[in-house]
Amino acid sequence: MKETKTNRLSWKETISFSGGELGTNLLFAVTSAYLLVYYTNYAHVNAAIVGTIMLISKFFDAVSDIMMGHIEEKFAKPGAKARPWIKRMVIPYALSAIILFAVPNFTSTVAQAIYVFITYNLFCTIYTMIVIPYNSLQALITQNEKDREMTGVLRSVFSTIASTIVNSFTMIFIEAAGNTKKSWLIVVSTYAAIALVVYLFCYKNTTERVVQAGTNNQYSEKLSFRENLKYVIQNKYWWILTINGIISCAVIALNMGSMYYYLAYVCGKPQAVAIVGMILSMPMLFLIPLSKPLVAKIGMKNGLVAGVLIMSLGRVVVGFGGSSSLTAIYIGSIIFSLGCSTQWCSYPLLCNTVEYGEWKNGHRQEGMIMSANSFGSKCGTALGTAICGWILQLSGYNGAVQAQSSSALTGITIVYVVLPVVLNIFSAIILSFYKLEKEYPSIIQELRNRKQEI
């Protein structure tokens, strides 16, 4: 069956859906980068308490991903599987972010801890309840590969815009607002208002048009949690992309967690930290769109493989020349950023695994596939952060001294250079087994034939 204009996304729908990523990442980025700063420096919450709460909450957060995927599947209706959750959760999502940065002036440490625990877990839960359906929506608004490719590119662009705004300008906004505890409430409320607006546009201007093949009712048969999980686990291409996601998130966590240590102690160039941070984010605004024509020629899987190998090359350049040359650090970082520019391909490829699962077992599982993948990504982030801390501790790093021991410098180098190279090469090997791009057109045709038989 040929694609008609009604099968393809309009630019209005494409932009409205992809713009939701701005809402996701404005609030996610500000909580990831600055919540600890707010707690310790402005709300004066004990750092050890905050760290313990965040560690415990990570477990609940990861488990809630899987549960939300099952809930989305369980309560799905034809044409209304993911979009209703965006409408339901957009206001709670904005409000939950605001109350994170509204810690009252408690006199009791226990009261502080209780407030932080409740509000942090509330935000993480609501974030899951809106982001899992949002990710699912990409597979529900179209089955066209070109549309999925375009929404993948634009989502990455909007995500980068959000991260750049937060990382580059938040502290400037805080200073302009008075640099007080209240300033955080003002700035985060502004981010939350933007998130509310873009998500409402996403809800208003999108349509769930993909219907399960072989039935007039897309969700006539409700699966149990065990059945949902079983069918996801049987999806071999989901496994490949989830393993890649775990590795990618671990590499990002290793990069962010060790960048300062490597540049300051191994290279002796702490002044390079801010510049390298900008090199790794701002060029992505034009590198991502520029990568699309290349990906169109070589395929999304090959684009991902090329990207992770280029990232490895960037780290090798820094590893060999960074200790003696700022130029090598900057060139290596630019190469690393270039490799990151094709990572948008992972979401369109993940969407295609929904059709593969439907073809294989007769059930569309957007919610479970996206949530289980998100679970893996969070595990990868946690693993990368933990590995960074473990190696620093085992190698003898001492934050109280200016000059680190040779073993500590070796440990820092392993975290920042060696592990990302090894993990990215392993990711390229895993991705080489992804063959769905070639199989996808015939799978789509068979699913359409099944639907026509009804």
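The values are calculated or read from the model by the stated rules, or taken from the named source; none is laboratory data. These numbers were taken from a predicted model, which means no experiment stands behind them. Because the Cβ atoms are built from the backbone with ideal geometry, glycine has one as well, and the counts that use them run over all protein chains shown. Surface areas here come from the heavy atoms of the whole protein model, side chains and all, with no ligands, DNA or RNA. Shrake-Rupley method; radii C 1.70, N 1.55, O 1.52, S 1.80 Å.
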Inset, instruction - Could you grab me the full set of residues in the range 312-330 that are open to solvent by less than 50 Å² (accessible area, probe 1.4 Å), free of Cβ contacts under 8 Å to residues at least 24 places away in the same chain and assigned to a helix (DSSP H, G or I)? - result: V317, G321, A328
Inset, instruction - Consider only pairs whose beta carbons are under 7 Å apart and that are at least six residues apart or on different chains; among these, list those whose first residue lies in the range 222-247 and is more than 27 Å from L304 (Cβ to Cβ) and whose second residue is part of a helix (DSSP H, G or I) and not charged (D, E, K, R). - result: F225/H70
Legend entry - Residue in the range 251-268 that is open to solvent by 60 Å² or more (accessible area, probe 1.4 Å) and under 19 Å from the mean Cα position of the chain (by Cα) present: yes
Inset, instruction - Return yes when E437 is among the acidic types (D, E) and out of contact with any Lys or Arg (no Cβ under 6 Å at 6 or more places or on another chain) and no when it is not. - result: no
Inset, instruction - Identify all residues within the range 89-110 that are open to solvent by 30 Å² or more (accessible area, probe 1.4 Å) and either hydrophobic (A, V, I, L, M, F, W, C) or touching a residue at least 12 places away in the same chain (Cβ under 8 Å) (or both); write none if there are none. - result: I91, P92, L95, I98, I99, A102, F106, T109, V110
Inset, instruction - Filter the range 295-311 for residues that are over 20 Å from the mean Cα position of the chain (by Cα) and surrounded by 22 or more Cβ atoms within 10 Å (Cβ to Cβ) and give the result. - result: V295
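Pick from L394, L338: which is within 16 Å of Y416 (Cβ to Cβ) and open to solvent by 30 Å² or more (accessible area, probe 1.4 Å)? Show your work before the answer.
Details: L338 fails: within 16 Å of Y416 (Cβ to Cβ).
Exactly one residue qualifies, and that residue is L394.
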Inset, instruction - Find all pairs meeting these conditions: Cβ atoms under 9 angstrom apart; at least six residues apart or on different chains; first residue within the range 65-79 and more than 15 Å from I369 (Cβ to Cβ); second residue among the β-branched types (V, I, T). - result: P78/V211; G79/T207; G79/V211
Inset, instruction - Output the residues belonging to the range 196-243 that are modelled with pLDDT of 90 or more, surrounded by 21 or more Cβ atoms within 10 Å (Cβ to Cβ) and in a loop (DSSP other than H, G, I, E, B). - result: T206, E208, N235
Inset, instruction - Please specify each residue of the range 35-56 satisfying the condition of being touching a helix residue (DSSP H, G or I) at 6+ places or on another chain (Cβ under 8 Å) and modelled with pLDDT of 80 or more. - result: L35, Y38, Y39, Y42, A43, V45
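Would the range 112-127 turn up any residue that is in a helix (DSSP H, G or I), free of Cβ contacts under 8 Å to residues at least 12 places away in the same chain and either crowded, with 17+ Cβ neighbours inside 10 Å or out of contact with any Cys (no Cβ under 8 Å at 6 or more places or on another chain) (or both)?
The initial filter retains those residues of the range 112-127 that are in a helix (DSSP H, G or I), namely 112-127.
If we keep only those that are free of Cβ contacts under 8 Å to residues at least 12 places away in the same chain as well, we get 114, 118.
Of the ones still in play, those that are also either crowded, with 17+ Cβ neighbours inside 10 Å or out of contact with any Cys (no Cβ under 8 Å at 6 or more places or on another chain) (or both) are 114, 118.
Within the range 112-127, one or more residues are in a helix (DSSP H, G or I), free of Cβ contacts under 8 Å to residues at least 12 places away in the same chain and either crowded, with 17+ Cβ neighbours inside 10 Å or out of contact with any Cys (no Cβ under 8 Å at 6 or more places or on another chain) (or both).
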Legend entry - Subset of the range 392-410 that is part of a helix (DSSP H, G or I) and modelled with pLDDT under 85 - its residue that is nearest to G322 (Cα to Cα): L392
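Among the residues of the range 70-82, what is the count of those that are of a type outside the set (D, E) and under 12 Å from S224 (Cα atoms)? Please lay out each step first, then the result.
Our first condition is that a residue be of a type outside the set (D, E); within the range 70-82, this holds for 70-71, 74-82.
Subset that is under 12 Å from S224 (Cα atoms): 70-71, 74-75.
Qualifying residue count, the range 70-82: 4.
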Legend entry - Subset of the range 269-294 [within 24 Å of T151 (Cβ to Cβ) and either open to solvent by 40 Å² or more (accessible area, probe 1.4 Å) or touching a strand residue (DSSP E or B) at 6+ places or on another chain (Cβ under 9 Å) (or both)]: M282, L285, F286, P289, L290, K292, P293, L294
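Among the candidates S371, S333, which residue alone is buried (at least 24 other Cβ atoms within 10 Å of the Cβ) and within 28 Å of C124 (Cα to Cα)?
Values: S333 fails: within 28 Å of C124 (Cα to Cα).
Within the list S371, S333, the selection yields S371.
Can you tell me which of I425, I414, I454 is at pLDDT 85 or above, farther than 27 Å from E149 by Cβ and open to solvent by 50 Å² or more (accessible area, probe 1.4 Å)?
Among I425, I414, I454, only I414 is at pLDDT 85 or above, farther than 27 Å from E149 by Cβ and open to solvent by 50 Å² or more (accessible area, probe 1.4 Å).
For L383, are the conditions met, namely being open to solvent by less than 30 Å² (accessible area, probe 1.4 Å) and out of contact with any strand residue (DSSP E or B) (no Cβ under 9 Å at 6 or more places or on another chain)? Write out each step before concluding.
On the way: open to solvent by less than 30 Å² (accessible area, probe 1.4 Å): no; out of contact with any strand residue (DSSP E or B) (no Cβ under 9 Å at 6 or more places or on another chain): yes.
So L383 does not fit the description; no.
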Legend entry - Test: residue in the range 416-437 that is among the basic types (K, R), part of a helix (DSSP H, G or I) and within 30 Å of V354 (Cβ to Cβ): no
Inset, instruction - Could you list all residues from the range 360-415 that are more than 13 Å from G257 (Cβ to Cβ) and of a type in the set (F, W, Y)? - result: F375
